[in-house]
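S.K.: The following block contains the structure, expressed as structure tokens.
The values are calculated or read from the model by the stated rules, or taken from the named source; none is laboratory data. No experiment lies behind these values; they were computed from the predicted model shown. Neighbour counts are summed over all protein chains in view; Cβ atoms, including those assigned to glycine, are modelled from backbone coordinates with ideal geometry. For accessibility, only protein heavy atoms count, side chains too; no ligands or nucleic acids. Shrake-Rupley method; radii C 1.70, N 1.55, O 1.52, S 1.80 Å.
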Amino acid sequence: LCEVLPRFAALRTLDLSDNKIGPESASALGEALKVNAVLTTLDLSTNSIGPEGAFAIAEALKVNAVVTTLYLRGNNIKDEGAKAIAEALKVNAVVTKLWLQSNGIGDEGAIAIAEALTVNTVVTTLDLENNSIGDEGAIAITKALKVNTVVTTLSLGGNNIGDEGAIATAEALKVTAVLTRLDLSLNPIGDNGAKAIAEALKVNAVLTELSLWNNNIGPEGAIAIAEALKVNAVVTKLFLNGNNIEDDGAKAIAEALKVNVVLTILSLRNNNLGDAGKTAVQDAAKGRSGFQLTL
């Protein structure tokens, strides 16, 4: 395939996901990318390319001037591979969407990516889900967001991020002027983390979609978010499913819905709601045109 790639002068998208090409073939593909001038989207997800394969792709990215969308999820590139990709991002000026989820990059890999984000001015979508980056990695990434002016979509779900990481993320939300979609789902941020995010929402004027499902958020955290919704005028999609906000949290959300006129999608499934909580939210949502409520 790598040998004949130069002949495909019109090929824009190449999907090799869910195969077993391994590091050796990834290296060959990397060499091909150095001279390829037409391919814009490359999907190498779930190919066991490992750190070695990531090195090869990273070297190609340093000279390739056309690939804009790159999927490397599920390849076990670890922190070494992430560091190589990070170095490439410092000089690459074309990749705008990068998927690195489920690669075991850890906090060290995340810190390297964060450093790259402080100088990279093109990546707009970054997915780091399921990488065990923890609070330290989250703090590094969100610190970079304070100076980065291009990332609009950030996914940090399933990374064992606690309240410290959530608090750092909240601080970034207070100053970022471009981030519109944030996913912190499947992280134990708890009520303290939710409260910090809520405070940020009171001043943030750009975030439109927020995913906080399965975050160990209880009634206190939900009440804080509800208070933020009363003044926030931009969030249109909010996912709070899989927490434990109970009736008290649901009632607070319901009160917020009476004054919030921008929220269009709200998910509160699996929150240990009783009839009182469900009824309160349903009543508050009545008459809202196009409103999507999931209980």
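S.K.: Run the reach check for K62 against lysines, Cα to Cα strictly under 23 Å, same-chain hits fewer than 8 apart removed. What comes back?
M.R.: Excluding near neighbours in sequence, the set is K34, K78, K83, K90, K97.
S.K.: In whole percent, and with a 1.4 Å probe on the protein chains, what portion of the accessible area of the chain is carbon and sulfur?
M.R.: Details: 6040 of 12180 Å².
C and S atoms contribute 50 percent here.
S.K.: Residue by residue through the stretch 212-218, which ³J(HN,Hα) values in whole Hz follow from phi under the Karplus form 6.51 cos²θ - 1.76 cosθ + 1.60 (θ = phi - 60°), with glycine and proline marked x?
M.R.: 10, 7, 6, 10, 6, 8, x
S.K.: Could you give each residue of the stretch 89-100 its phi-based ³J(HN,Hα) in whole Hz, using Karplus coefficients 6.51, -1.76, 1.60 with θ = phi - 60°, and x for Gly or Pro?
M.R.: 5, 5, 10, 6, 10, 10, 5, 10, 10, 9, 10, 10
S.K.: Here is a further query. Helix-only estimate, please: 222 nm mean residue ellipticity of the chain, summing -39500 (n - 2.57) across DSSP H runs of length 4 or more and dividing by its residues, to the nearest 500.
M.R.: Working: 10 runs with 121 residues, N = 295.
Rounded to the nearest 500, the figure is -13000 deg cm²/dmol.
S.K.: For S45, S289, S102, give me the order by solvent-accessible area with a 1.4 Å probe, most accessible first, ignoring ligands, DNA and RNA. Mind dumping the intermediate values first?
M.R.: Details: S45 5, S289 115, S102 55 Å².
From most accessible down to least: S289, S102, S45.
S.K.: Ok, one more. Under a 5 Å amide H to amide H cut-off, with H placed in plane at 1.01 Å, what residues pair with N75 once short-range neighbours are removed?
M.R.: Hits under the 5 Å cutoff: T46.
S.K.: I've got another one for you. Restricting to Cα pairs below 8 Å that are 6+ residues apart, what does the relative contact order work out to for the stretch 98-172? Please round to a whole percent.
M.R.: Relative contact order of the stretch 98-172: 36 percent.
S.K.: Please work out which option in [x] 33, 22, 17; [y] 39, 18, 17; [z] 36, 21, 18 gives semi-axes √(5λ) of the Cα gyration tensor in Å calculated from these coordinates, and answer with its label.
M.R.: [y]
S.K.: Calculate how steeply helix 219-229 sits against the longest principal axis of the alpha-carbon atoms of the chain, using the helix alpha-carbon long axis, and give the answer as 0 to 90 degrees to the nearest 10.
M.R.: Once rounded, one gets 80 degrees.
S.K.: Just to confirm my numbers, what's the Cα centroid distance between the stretch 79-100 and the stretch 200-262 in Å?
M.R.: 34
S.K.: List the lysines whose Cα sits under 21 Å from the Cα of K278, skipping any in the same chain fewer than 8 residues away.
M.R.: Counting by Cα, and skipping residues close in sequence, K278 has these lysines nearby: K230, K237, K251, K258, K286.
S.K.: When Lys and Arg each count +1 and Asp and Glu each count -1, what net charge do the other residues less than 12 Å away from V151, Cβ to Cβ, add up to?
M.R.: On the way: positive: K97, K146, R181; negative: D127.
Every neighbour counted, the sum reads +2.
S.K.: Shifting gears a bit: Can you tell me, using C-alpha contacts under 8 Å and at least 6 residues apart, the relative contact order of the chain as a whole percent? Each step should come with its number before you reach the end.
M.R.: Working: 772 pairs, mean separation 27.4, N = 295.
Relative CO of the chain lands at 9 percent.
S.K.: Let me ask something additional. Provide the gained length on full extension for the span D283 to R181, in nm with one decimal, where the gain is 0.36 nm per separating residue minus the Cα-Cα distance.
M.R.: Numbers: separation 102, 0.36 × 102 = 36.72 nm, distance 2.80 nm.
Gain in length upon complete extension: 33.9 nm.
S.K.: What is the dipole size for the chain, taken about its Cα centre, with +1 at each Lys and Arg Cβ and -1 at each Asp and Glu Cβ, in debye to the nearest 20? Before the final figure, lay out the partial values.
M.R.: Working: 24 positive and 33 negative charges, 221 e Å.
Taking the Cα centre of the chain as origin, the dipole is about 1060 debye.
S.K.: Anyone know which of L257, L240, L11 comes out most mobile in the 10 Å Cα GNM of the chain?
M.R.: Judging by the Gaussian network model, the answer is L11.
S.K.: Could you tell me how many degrees, from 0 to 90 and to the nearest 10, lie between the Cα long axis of helix 275-285 and the main elongation axis, the longest principal axis, of the Cα atoms of the chain?
M.R.: Once rounded, one gets 80 degrees.
S.K.: Still on this model: Ordering R181, R288, R73 from largest to smallest accessible area (1.4 angstrom probe), what's the sequence? Mind showing how you got there, number by number?
M.R.: Details: R181 110, R288 50, R73 80 Å².
Most to least solvent-accessible, the answer reads R181, R73, R288.
S.K.: Sticking with this one: So, for the stretch 108-245, what is the accessible surface per residue at a probe of 1.4 Å, expressed in square angstrom?
M.R.: Working: 4750 Å² over 138 residues.
With all protein chains present, the stretch 108-245 gives 34 Å² per residue.
S.K.: Put K62, K143 in order of accessible area, largest first, 1.4 Å probe: what do you get? Please report the intermediate quantities before stating the final value.
M.R.: Numbers: K62 90, K143 140 Å².
Largest accessible area first, the list is K143, K62.
S.K.: While we're looking at this one, here's another question. Quick check: net charge around L295, other residues with Cβ under 9 Å of its Cβ, Lys/Arg +1 and Asp/Glu -1?
M.R.: Working: positive: R269, K278; negative: none.
Result for the neighbourhood of L295: +2.
S.K.: Work out, step by step, the length gained on full extension between A65 and E24: first 0.36 nm times the residue separation, then minus their alpha carbon distance; give nm to one decimal. Before the final figure, lay out the partial values.
M.R.: Values: separation 41, 0.36 × 41 = 14.76 nm, distance 2.30 nm.
Extra length available between A65 and E24 comes to 12.5 nm.
S.K.: While we're here: Between the helical axis of 106-117 and the dominant principal axis of the chain, each derived from Cα atoms, what acute angle in degrees is found, rounded to the nearest 10?
M.R.: It works out to around 80 degrees.
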